[in-house]
2 protein chains.
Amino acid sequence: MNANVARSFKLTIAYDGTCFSGWQVQPNQPTIQGHLQGALQRLTGESIQVIGSGRTDAGVHARAQVASCSLVWRDSPEHLVRALNTQLPEAIVVCAAEEANKGFHAIRDAIGKRYRYQLKIGGVRGVFDYRYHWHLHGKLDVDQMRLAAQRVIGERDFRSFQAAGADRKTTVRNVRACDLVVGPVGDDQAFYLSVEVEADGFLYNMVRNIVGTLVEVGRGKQTVDWIDQILIACNRDAAGPTAPARGLFLLRVDYPCSVLKSHA
Amino acid sequence: MNANVARSFKLTIAYDGTCFSGWQVQPNQPTIQGHLQGALQRLTGESIQVIGSGRTDAGVHARAQVASCSLVWRDSPEHLVRALNTQLPEAIVVCAAEEANKGFHAIRDAIGKRYRYQLKIGGVRGVFDYRYHWHLHGKLDVDQMRLAAQRVIGERDFRSFQAAGADRKTTVRNVRACDLVVGPVGDDQAFYLSVEVEADGFLYNMVRNIVGTLVEVGRGKQTVDWIDQILIACNRDAAGPTAPARGLFLLRVDYPCSVLKSHA
């Protein structure tokens, strides 16, 4: 290994988004990308760009965000993990580093992503979990929500579920799964519901807009067929409100095995 | 009910202590007592003192802290709960309000308390749970810790487990239970251990000092018999280090039924 040649890395990162102004670097704001780039600068003395698979908003969390970066590093990937973690705040942790092939790019090479959105229904305000749920009151018809969730599956134009003002070349995405998972009932009779959405890619605010829309159905304000009308409209105004950031977790980002150097 | 007569209330309060400078009011610092008194002032227009069963330190949490206060309130205790919660930050919630007999005092009338201290051993740094555990690495002999925990049970002089400089009339307390509870093993092979301590009352930092001492035994640096030597010494320097605040939860404060107005 030539000691001065930059190597490409795939980093897997978890964070609690509560106290950050989102992923992307912004002047004088605490951001995940900013902390990672700061950590790499302190370790290497170089200014290194860290590219995330997608920009998460302020308050959005990640269990396994993926980022790419290229740096001169003479030690093992495991040592890079340990070194980075000594330089990061407690709400950000690098879970893994793997050596990737030259040119690995966390956005361009991604082939799929999975998000989870967490809802808490009823019960008292939770002082230990309020950062991780959208807390709703009143009844929610989970069966109707589950039927509605089926309607967003498939390759569709999701323009209506994209934040107004966002500008992407194409708004067609392939949603592979939209699963509703009912969790345990808490001491206070609250119940927990997660919406997990998997797709080849996501538009800006897409999961939060799908969840806000499913909740309208769950509350009985709209019927299941409304989802079809929204998709046909190709207009953000047709869909329901945007669910709050705090309930959203980026669970996983998928890549072909061939991006890794260990791939034969 | 005379509309202008002050009524006594017993409030049960939960909080995440991470972002507060502890329970007790301090100028220009966010405190639990300060937020509660501010909420009552906004609701009633009066300056009302809220007395907690004990002062928790910065970073210490409560599942059921108890406080007493006296105020003119023309509505039900349930309405007081709802009104207070509209005025409190998300990390503080009033779980219950009950009308108490005149003169009810959260410190003087308490007959017992239970705390839980949470440890996480091994595994990766948890971005979603770091506020609620003391994260340790290396092996911990839980059986030895359990034997050591038995030695603090009973009516003893706990001066050695009191923070240096604290000044109480008597340092004798009756520890009724010191239970070690092993929790589930996490995905990352971390395991969770809680120490629950119940007593008629606690000295300043007593639980954190007991836990820091038990960890020394668990790490094999000290034997079980060391606990007896510490108790005999009546000197803070004899015991182990103080465990960090973040792992500590006030679980419960007990009072005789007779403090409540509903008591016949």
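Every number here is computed from the coordinates shown, using simple stated rules; none is lab data. In this text the structure is predicted, and so the values were computed from the model without any measurement. FYI the Cβ positions are ideal-geometry reconstructions off the backbone, even for glycines, and counts take in every protein chain you see.
With K and R counted +1 and D and E -1, the other residues having a Cβ less than 11 Å from that of B:LEU251 yield a net charge of +2. Seen from B:THR44, the other residues with C-beta closer than 15 Å to its C-beta sum to a net charge of +2, counting Lys and Arg as +1 and Asp and Glu as -1.
DSSP finds beta bridges in the protein assembly as shown, and of those with both partners inside it, around 90 percent are antiparallel. The long axis of helix B:32-44 is offset from the longest Cα principal axis of chain B by roughly 10 degrees. Spatial offset of the stretch B:46-116 relative to the stretch A:97-120 amounts to 46 Å, using the alpha carbon center of each. Here B:LYS221 yields copy-to-copy label distances, from shortest upward, of 5.7 nm, the label point defined as 7 Å from Cα along Cα to C-beta. In a DSSP loop and with at most 11 other Cβ atoms within 10 Å, the trypsin sites (Lys or Arg not before Pro) in the stretch A:5-78 are A:ARG74. The residues packed around A:GLY112, meaning those with a beta-carbon under 14 Å from its beta-carbon, carry a net charge of 0 if Lys and Arg are +1 and Asp and Glu are -1. Ranked from shortest, the separations from the 7 Å Cα-to-Cβ label point of B:GLN87 to its equivalents in the other copies are 4.8 nm. For the stretch A:1-152, the alpha-carbon coordinates run over 62, 33, 27 Å along the three principal axes, in decreasing order. Dividing the Cα radius of gyration of chain A by its Kirkwood radius returns 1.01 for Rg/Rh.
Listing A:THR18, B:THR170 from fewest to most neighbouring C-beta atoms within 10 Å gives B:THR170, A:THR18. Against the main long axis of the alpha-carbon atoms of chain B, helix B:77-86 sits at an angle near 70°. The phi-based Karplus calculation (6.51 cos²θ - 1.76 cosθ + 1.60; θ = phi - 60°) puts the 3J(HN,Hα) values of the stretch B:217-234 at 5, x, 7, x, 7, 9, 9, 4, 5, 4, 4, 5, 5, 4, 4, 5, 5, 6 Hz, whole numbers, x for Gly and Pro. Over chain B, DSSP H runs of length four or greater, each weighted -39,500 (n - 2.57), average out per residue to a 222 nm ellipticity of -6000 deg cm²/dmol.
Rounded, prolate or oblate: which fits the protein assembly as shown, taking a ≥ b ≥ c as square roots of the Cα gyration tensor eigenvalues, rounded meaning a/c under 1.5, else prolate when a/b beats b/c? Because a/c hits 1.5 or more and a/b fails to exceed b/c, the protein assembly as shown counts as oblate. Each other copy holds its own label point for B:VAL72; taking that point as 7 Å from Cα along Cα to Cβ, the gaps run 7.6 nm, nearest first.
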